[in-house]
There are 2 protein chains.
Amino acid sequence: MKKYQQLARQIIGQITLGAWLPGDKLPSLREQVTLSGMSFMTVSHAYQTLESQGVIVARPQSGYYVASRPAGRATVAPVKVMRDEAVDINTYIYDMLQASCDASVVPFGSAFPDPRLFPLQQLNRSLVTVSKTATAMSVIENLPPGNEALRHAIARRYARHGMQVSPDEIVITAGALEALNLSLQAVTEPGDWVIVENPCFYGALQALERLRLKALSIATDPQHGIDLAALGQVLNDYPVKACWLMTNGQNPLGVTLSPEKKRQLVELLQQHNVTLIEDDVYSELYYGREPPLPARAYDERGITLHCSSFSKCLVAGFRIGWVAAGKHARRIQQLQLMSTLSTSSPMQLALADYLATKRYDSHLRKLRRTLAERKQQIWQELHQHLPAQVKLHHSEHGYFFWIELPEYMDANLLSEQAIAHKISIAPGKMFTTGGGWHNYFRLNASWALGERERQAVVTLADLIHDQIKA
Amino acid sequence: MKKYQQLARQIIGQITLGAWLPGDKLPSLREQVTLSGMSFMTVSHAYQTLESQGVIVARPQSGYYVASRPAGRATVAPVKVMRDEAVDINTYIYDMLQASCDASVVPFGSAFPDPRLFPLQQLNRSLVTVSKTATAMSVIENLPPGNEALRHAIARRYARHGMQVSPDEIVITAGALEALNLSLQAVTEPGDWVIVENPCFYGALQALERLRLKALSIATDPQHGIDLAALGQVLNDYPVKACWLMTNGQNPLGVTLSPEKKRQLVELLQQHNVTLIEDDVYSELYYGREPPLPARAYDERGITLHCSSFSKCLVAGFRIGWVAAGKHARRIQQLQLMSTLSTSSPMQLALADYLATKRYDSHLRKLRRTLAERKQQIWQELHQHLPAQVKLHHSEHGYFFWIELPEYMDANLLSEQAIAHKISIAPGKMFTTGGGWHNYFRLNASWALGERERQAVVTLADLIHDQIKA
């Protein structure tokens, strides 16, 4: 990212966080040169960019001001929507992921649950079965849309939730990530506007960058999820092609939308004929009595491509996910045939075999119980050691905590310090294109609280204490 | 594809095949309306398109003429280069692939060798070993760039051919197809010009379409391979970013470039600083005494991304390939992390285990022997039944025949008729964007010549006889 872009992002971030409100006068060009240490050219370029994006306005003889919202949005403050015409998050994410892969690091920054919670032995038994039953011709039988028994097993799981999903509309993919990428590609052209949440799963931002799409980020709250009023305004203002979001256990916030809100979301998107790409990889990791349904369950007009996988709840390494793609199923298969051809045949067969053993549900019950316990234990540990100024956002879904530091603090700096102590966290910067959430981070609480994890919490708390004192 | 584009392609195809030579007068707009049955608007649009591409020229008061080649190309006839600004081959390929997947069809159109030639039992033994040794944490160890033992085993195979490829520059991918796609994406931006062969592997054309790249197709000959003179001219005339080609056992022609020609190719691309994306999936399937080296072996400046896989010579269903990506290795990993995350962990481990058994080379020797025998048998059968007007292009590599029907015949029609008789072939149309090769098809000769295959050859010959009589 160029320097002027960095500065522009920084200012958008400040506006998002409410540091600058609509109508506020921004520092003059010369003041900004002093503040940022950047050249006059760079600062001027950044301001021009923000002006061309409608984020700020220049008033002759006076200076630059934060743009006021259009009439309909006047009551919505601070900024609920951010637009980003060239998403660029990739290198940063890559570096963070690489750091998390080191086995000597306590992986509080990881997106995956502790793989020791997965039924390795039973899955291995299925692998052995496959090694005995697969024939030379299995390859052809498992080309897109994928293994038939596996697609049927997935369709039956939808049916148990009262949803009608035909095996014929299911395409097996390399994890949910390929499903989401193919879905996005199937319904957009480069340059199209796509709605994402803010903050959101970084995979969505990377997909937008890769496919050269433009992002509209909608404010999303740890308690209530996406801001439907802001969403409605954006749908009125922009020719949006698709909306990529998570309705259950949103990453990184953990929030699950209420049934009523899911219904409203679907209605809103239907009104504007916008495709919903629903990332539902955490759906099985609920702790309430009833499993939450996806938005797809409320969609009778077929605007939803519902993407999920087994990677977060059964086995990460198999790389098996799917999309229930409705009328887009054929296009998705075409796109898959020309990018990865298909997912591996033994992995599909092994999963089909495992699902046929009917042990999946008892595994899931055990997994939910263990994750809930671990989340509680780590919460207590964090609560005990973290300074009172730190806020732990808690959700009834998944295994993430969204942790809010005092506004003046920098989670990115904390992340760098933590890595030096062999602890990873996932700073807010990973989940946005706009430079906001600088004082937030995501913490993976799926790990057993051993001595190593306990010490990591203490170290993390010490680092935060140090920043507070400083 | 729109009608005017169809017509434009058709005319380019006719020029390529020499039906119209440089300087020839084309049918007038009104004549073309009668000939094509299309509207005046459509015909006019097609001619304008061809004119803007420099394929034809308008002479006032006279009509449209096939453009003469620039001075340097004057001796080169017919057209050695085709340009295509919006590649669209996808739906046709998809339909062809779907047709080939039916187990009741004799798969002469398939791209894969008979999977019964693969060491299923030994691979299954490796799967069982993996099921005993894989740990919960294997997933993390096999994230991009991929399993270390597997990358080392691949690097050692390069070393045995005297090539220096570090395990650190190897990225494990979902077959060669993902390797090729990621490579292309790593070095191009939408709208860039990319060189492909004509005819070429349809996956290249699909990748160009998907990434919105523009194609320059260089004439490629069953005996001598790519036309280096035409390639040199294109490199002079266009700001080319990459060249995607096959140096060994080219698909569909089967041609392998001589060492001298590979050296010249690399020099030419180096002079113009153009990246070579080398698709080398058939490299192990040679029948000469010495294994042919890839172009990469002649590249000391690091312009080559060398892509290959185990899918054509060991196991198709595992979906494991790789790219030796040199300085692009990090970018490739980034692109993979945001599209499919990684290949499946058990598949990587099983292959690493199989390669450690040191049975791969004896399998390859046996595979080459069997394929050579089968190719010979099917050649005899074809030779016996096909009319004398049909030409069988033979190569010393791989398991394809490139079959040339008389010029007035239509391999596409033959393909439709053959499918009705439960026989697939791969018509020339699959391997070009320009509408040429209408009277060619590719035949997969890796199958054991049983009664079913013998009958299929007879039926195919009958269908050809019928077209000849008609």
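The values are calculated or read from the model by the stated rules, or taken from the named source; none is laboratory data. Bear in mind that the values here come from a model prediction, so they are computed numbers and not experimental data. So basically every Cβ, Gly included, is an ideal-geometry build from the backbone, and we count neighbours across all protein chains shown.
At-a-glance table
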read-out	value
Condition met for B:Thr247 (under 28 Å from B:Phe441 (Cα atoms) and in contact with a helix residue (DSSP H, G or I) (Cβ under 8 Å, 6 or more places away or on another chain))	yes
Every residue from region A:403-432 that is hydrophobic (A, V, I, L, M, F, W, C) and touching a Lys or Arg at 6+ places or on another chain (Cβ under 6 Å)	A:Ala426
Filtered residues of region A:124-142 (kept if surrounded by 22 or more Cβ atoms within 10 Å (Cβ to Cβ) and aliphatic (A, V, I, L, M))	A:Leu127, A:Val130, A:Val139
Subset of region B:215-252 [surrounded by fewer than 19 Cβ atoms within 10 Å (Cβ to Cβ) and of a type in the set (D, E, K, R)]	B:Asp221, B:Asp237
Filtered residue count, region A:285-294, keeping only those that are touching a residue at least 24 places away in the same chain (Cβ under 8 Å) and over 16 Å from the mean Cα position of the chain (by Cα)	6
Any hit, region A:125-140, residues being more than 12 Å from chain B (Cβ to nearest Cβ) and not in a helix (DSSP H, G or I)	no
Inter-residue pairs, beta-carbon under 6 Å, first touching a residue at least 60 places away in the same chain (Cβ under 8 Å) and in region A:404-421, second surrounded by fewer than 19 Cβ atoms within 10 Å (Cβ to Cβ) and not in a helix (DSSP H, G or I), 6+ apart	A:Pro406/A:Gln389
Elements of type strands (runs of 3 or more DSSP E) contained in region A:361-451, each with 1 or more residues being within 23 Å of A:Phe112 (Cβ to Cβ) and touching an Asp or Glu at 6+ places or on another chain (Cβ under 7 Å)	A:391-393, A:440-444
Among (1) under 22 Å from A:His272 (Cα atoms); (2) polar (S, T, N, Q); (3) in a helix (DSSP H, G or I) - the single one A:Gln206 does not satisfy	(1)
Residues within region B:427-436 that are surrounded by 24 or more Cβ atoms within 10 Å (Cβ to Cβ) and either of a type in the set (Lys, Arg) or at positive phi (or both), tallied	1
Sole exception among (1) in a loop (DSSP other than H, G, I, E, B); (2) within 12 Å of chain B (Cβ to nearest Cβ); (3) under 16 Å from the mean Cα position of the chain (by Cα) for A:Arg212, by number	(3)
Failed condition for B:Arg365, given (1) surrounded by 16 or more Cβ atoms within 10 Å (Cβ to Cβ); (2) without any contact (Cβ under 8 Å) to a residue 12 or more places away in the chain	(1)
Among the candidates A:Asn236, A:Asn248, residue that is under 24 Å from A:Gly109 (Cβ atoms) and either touching a strand residue (DSSP E or B) at 6+ places or on another chain (Cβ under 7 Å) or in contact (Cβ under 8 Å) with a residue 24 or more places away in the chain (or both)	A:Asn248
Output for region B:10-54, where each listed residue is assigned to a loop (DSSP other than H, G, I, E, B), at pLDDT 80 or above and farther than 17 Å from B:Ser68 by Cβ	B:Pro27, B:Ser28, B:Met38, B:Ser39
Number of positions in region A:91-124 that are more than 9 Å from chain B (Cβ to nearest Cβ), in a helix (DSSP H, G or I) and in contact with a strand residue (DSSP E or B) (Cβ under 9 Å, 6 or more places away or on another chain)	1
Some residue of region A:251-271 being over 30 Å from A:Leu127 (Cα atoms), assigned to a loop (DSSP other than H, G, I, E, B) and over 20 Å from the mean Cα position of the chain (by Cα)	no
Odd one out for B:Tyr158 among (1) among the hydroxyl-bearing types (Ser, Thr, Tyr); (2) buried (at least 22 other Cβ atoms within 10 Å of the Cβ); (3) more than 10 Å from chain A (Cβ to nearest Cβ)	(2)
Counted residues, region B:325-341 - those being more than 12 Å from chain A (Cβ to nearest Cβ) and not in a helix (DSSP H, G or I)	1
Neighbours by Cβ (under 8 Å, 6+ apart or cross-chain): first from region B:165-187, more than 14 Å from every other protein chain (Cβ to nearest Cβ); second of a type in the set (Val, Ile, Thr)	B:Val165/B:Ile154; B:Pro167/B:Ile154; B:Ile170/B:Ile154; B:Ile170/B:Val323; B:Val187/B:Thr275; B:Val187/B:Ile277
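So that you can scan it fast, the table gives a plain yes or no per residue for (1) modelled with pLDDT of 95 or more; (2) more than 30 Å from B:Ala204 (Cα to Cα):
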position	(1), (2)
A:Ala316	no, yes
A:Ile320	yes, no
A:Leu341	no, no
A:Gln348	yes, no
A:Tyr354	yes, yes
A:Ser362	yes, yes
A:Arg365	yes, yes
A:Arg369	yes, yes
A:Gln377	yes, yes
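Okay, residues lined up against (1) within 14 Å of chain B (Cβ to nearest Cβ); (2) surrounded by fewer than 22 Cβ atoms within 10 Å (Cβ to Cβ); (3) not polar (S, T, N, Q):
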site: A:Glu290; (1), (2), (3): no, yes, yes
site: A:Cys307; (1), (2), (3): yes, no, yes
site: A:Phe318; (1), (2), (3): yes, no, yes
site: A:Thr343; (1), (2), (3): yes, no, no
site: A:Tyr354; (1), (2), (3): yes, no, yes
site: A:Arg359; (1), (2), (3): no, yes, yes
site: A:Gln376; (1), (2), (3): no, yes, no
site: A:Pro387; (1), (2), (3): no, yes, yes
site: A:Val390; (1), (2), (3): no, yes, yes
